[in-house]
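Novice: Sharing a structure with you now.
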Amino acid sequence: MLTEEFIAEENKEIAKQYKKLLRISYRHLSSEDKKQIRKAFETALEAHKEQRRKSGEAYIFHPISVAQIVASEIGLDATSITAALLHDVVEDTECSLADIEQLFGETVAKIVDGLTKISSLKKDGDISLQAENFRKMLLTLNDDIRVIIIKIADRLHNMQTMESMRPDKQVKIASETLYIYAPLAHRIGLYNIKTELEDLSLKYTEPEVYKDIAQKLKESKEEQDQYIKDFTNKIREALDSEGLNYEIKGRPKSIFSIRRKILAQNITFEEVYDKFAVRIIYKSDLENEKFLAWKIYSIVTDHFRPNPTRLRDWISSPKTTGYEALHITVMGPKGQWVEVQIRSERMNEIAEKGYAAHYKYKNKEKNSDNGLDLWLNRLQEALENNETNAVDFVEQFKLNLYAKEIFVFTPNGDLKSLPKGASALDFAFHIHTDVGLTTRGTKVNGKLVPLSHELKSGDQVEVITSANAKPSSNWLDFVSTARARSKIKSALKEKKKLIAEEGKEILRRKLRSQKIQLDEKTVNEMVNHFKLKTSLDLFFRVGNGVIDNKEIKGYASQRNNALVSFFKSKIRRASKPQENVNEDEISQNYDQLVFGDDEETFDYTLAQCCNPIPGDDVFGFLTVSDGIKVHKMNCPNAIQLQSNYAYRILKAKWIDSTQEDFSAKVKLSGIDNLGLVSEVTDMISKSLHVNMKSLNFTSKHGIFHGEITVTIKNKHILNQLIDRLKKIDGIDKVSRE
């Protein structure tokens with residue numbers, strides 16, 4: 001039972017927190033702003049008056065706390081503070097969205113609507129449903145990033161106040177935070193919030209680990225403070241003599257990052273050498289920022305030896321989040337490595353408050369590019385690609401969020417940023433989708449390189465395009481960015497549809513010659529006859545030449561035997577329902593295993609220790625007496641084989657032979673005639689779906705021997721090619737190796 005005295009004290013605390021909210025906003029609030037915030041506070045107070053949180057406190061403390069995070073930690077404007085105060089009103093109370101729009105205008109109503117939609121998403125532990133909800137959450141942006149920023153602030157306060165929840169609920173919310181909200185905070189540049197979200201998540205997912213590291217950091221704090229004091233005393237005199245206006249701060253690394261380092265490097269807490277960083281923050285106008293940063297760098301490295309491999313220059317090339325700083329690692333007193341971060345006050349504000357601060361300064365900068373808009377555009381592209389599985393989308397999205405950046409140049413000298421590990425083909429798609437789809441070759445620093453060539457910072461990249469160039473399924477092995485992957489997949493699907501359309505017409509003509517009409521019944525029968533999944537599979541294989549005239553005649557003769565046809569169709573109907581003829585999907589039939597970069601076919605056996613099946617991630621192992629054995633990547637013996645016998649490991653993957661180019665070696669011999677090589681290569685280059693990868697001819701005493709490696713779509717086309725080569729005058733033998 002709540003006493004009058006308790007309620008009076010609580011009301012005093014509510015008033016105190018509201019005054020704190022007005023005081024802590026780092027932006028200037030006009031009298032109009034304060035009026036709007038006051039009205040939002042009173043509306044929320046009235047709407048939530050009957051509600052209490054699980055801890056027992058009045059519910060209004062939650063929206064006030066979220067608004068305080070928005071105002072101080074992120075530094076957003078009065079509109080955002082207003083929306084933060086009202087973010088739960090529509091979902092939890094009688095107040096409607098129309099009421100909000102009437103009282104506070106369309107912008108606030110749109111933000112509150114977006115926040116309400118996110119909150120109403122089904123909460124489920126299933127990772128695929130979480131992923132789908134995440135995609136939907138991003139769709140609620142409505143071109144207003146403030147929706148996501150306020151949601152992150154809301155999640156932070158929920159994480160800060162989870163003590164009274166059931167343990168299973170704590171773990172669930174903490175896991176979701178690590179999976180979704182920490183990556184988002186990172187991408188928007190909210191590094192402090194991202195760090196706190198990760199630490200709080202660890203507190204609930206691995207409480208013993210969290211307590212252990214927190215206790216050890218507390219015990220070593222005094223020693224670290226003294227070390228930072230000794231370190232800074234050595235450089236203060238030099239900085240003061242230059243007349244610099246600065247402050248030096250020591251900052252411990254987060255518990256989560258220390259835990260990650262312990263796991264990644266398999267070391268103890270005591271062996272983590274960089275448990276803290278020193279930050280030098282200096283006052284400067286825009287014109288002298290870079291000059292002063294490098295001056296401070298010079299002073300620090302005069303006193304302490306730098307690690308040249310650990311210099312990070314994000315001043316010349318800022319991160320796409322807007323982050324700017326110089327990071328250096330130097331050998332400090334007592335032979336201990338120390339990370340030193342050098343930032344101006346402006347850079348520090350952007351690092352602390354993310355895009356909110358970036359926008360505050362961007363109009364003052366002449367060449368400020370709007371990194372947030374660029375990110376939102378890329379995000380929208382990814383969201384519009386409905387073919388991507390939701391879990392794959394989230395994993396790709398997170399991969400690109402956390403990826404370290406490299407900076408490369410176009411032939412004209414424009415600077416482009418890409419995730420670390422990006423290939424030359426990724427760069428082509430980064431320039432424009434049409435450039436990527438028509439890429440014929442790439443040059444890096446003036447030299448031709450494979451499309452799969454991994455780029456490094458400072459590379460100058462040129463893309464060679466051709467109207468005749470088309471993506472192949474191998475391209476998916478050459479790219480790492482989500483944008484390139486989604487565009488290639490879309491193009492391949494479109495290409496398959498075109499081949500399927502041609503195949504449908506070919507099939508119609510060939511069946512007509514057998515006096516069979518191509519209708520729904522016939523298509524269903526043929527799908528079952530060839531053991532396929534969809535009508536599109538059937539048409540595609542006819543268009544690609546896999547199902548040829550001979551096989552179509554075989555089906556026709558079987559159909560003409562009514563008894564056999566009836567008997568077989570009865571069996572099929574009983575065992576498997578027929579597929580929808582118009583289903584717009586191409587199945588993945590992994591019917592072939594290929595090895596090495598050239599994707600060659602060899603004899604193999606499947607390892608019994610892990611029993612791989614078509615479609616699994618696998619590798620080949622060359623045994624002493626049993627040829628190639630194929631193991632799953634996660635086979636219990638995989639690590640031992642790969643570490644002890646790396647020279648015997650063969651790259652391997654399952655493919656659908658009808659949809660994948662594969663290599664074949666053709667051997668020729670015959671009488672050496674003038675112009676024969678030219679005639680052979682001319683015939684091959686004009687053949688359907690055939691490209692030459694290598695060519696080797698030798699001649700001795702009037703007899704030649706040749707070996708040609710070609711890439712082809714299927715065995716049927718290879719047989720056609722061999723037949724045509726045999727007809728060339730002078731060629732005696734043609735065989736496939």
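Only the coordinates and a few stated rules stand behind these numbers; no lab work does. Only a predicted model underlies this, so the values are computations on that prediction, with no experimental measurement involved. Neighbour counts are summed over all protein chains in view; Cβ atoms, including those assigned to glycine, are modelled from backbone coordinates with ideal geometry.
Novice: Do the alpha carbons of any pairs in 229/253; 531/553; 632/693; 489/653 sit beyond 20 Å of each other, and which pairs? Can you show the working numbers first?
Specialist: On the way: 229/253 17 Å; 531/553 16 Å; 632/693 30 Å; 489/653 18 Å.
Beyond 20 Å between Cα atoms: 632/693.
Novice: Using mean Cβ contacts within 10 Å as the protection proxy, how do 63-72, 530-539 order, highest first?
Specialist: Numbers: 63-72: 23.8, 530-539: 20.4.
Going from most to least packed, we get 63-72, 530-539.
Novice: Given H placed 1.01 Å from N in the peptide plane, which residues other than close sequence neighbours of residue 337 have an amide H under 5 Å from its amide H?
Specialist: Here 332 satisfy the definition.
Novice: Go through the range 16-67 and name the trypsin sites (Lys or Arg not before Pro) that are in a DSSP coil and have 12 or fewer other Cβ atoms within 10 Å of their Cβ.
Specialist: Values: sites: 16, 19, 20, 23, 27, 34, 35, 38, 39, 49, 52, 53, 54; in loops: 27, 49, 53, 54.
Loop-located and lightly packed - 49, 54.
Novice: If the only charges are +1 at each Lys and Arg Cβ and -1 at each Asp and Glu Cβ, what is the size of the charge dipole of the range 193-305 around the Cα centre, to the nearest 20 debye?
Specialist: Working: 21 positive and 22 negative charges, 44 e Å.
Once rounded to the nearest 20, the dipole reads 220 debye.
Novice: Could the peptides 259-265, 344-350 be put in order, highest first, of the mean number of other beta-carbon atoms found within 10 Å of their residues? Could the numbers behind the result be given before it?
Specialist: Working: 259-265: 13.6, 344-350: 21.9.
Going by the mean number of other Cβ atoms within 10 Å, highest first, we get 344-350, 259-265.
Novice: Applying the Karplus parametrisation 6.51 cos²θ - 1.76 cosθ + 1.60 with θ = phi - 60° to the phi angles of the range 432-448, what ³J(HN,Hα) value in whole Hz is obtained for each residue in order, glycine and proline being reported as x?
Specialist: Each residue's phi maps through the Karplus curve to give 5, 4, 5, 5, x, 5, 10, 5, 9, x, 9, 10, 10, 6, x, 10, 5 Hz.
Novice: Beyond a 24 Å Cα-Cα separation, which of these cross-linked pairs lie in this structure: 495/727; 420/629; 110/172; 117/172?
Specialist: Numbers: 495/727 32 Å; 420/629 34 Å; 110/172 29 Å; 117/172 20 Å.
Exceeds cut-off: 495/727; 420/629; 110/172.
Novice: Starting from the 7 Å offset along Cα-to-Cβ, what nm value, one decimal, do you get for the label separation of residue 32 and residue 727?
Specialist: 8.2
Novice: Here's a follow-up. Specify the inter-centroid distance of the range 459-488 and the range 494-513, based on alpha-carbon positions, in whole Å.
Specialist: Using only Cα atoms to place each centre, the spacing works out to 28 Å.
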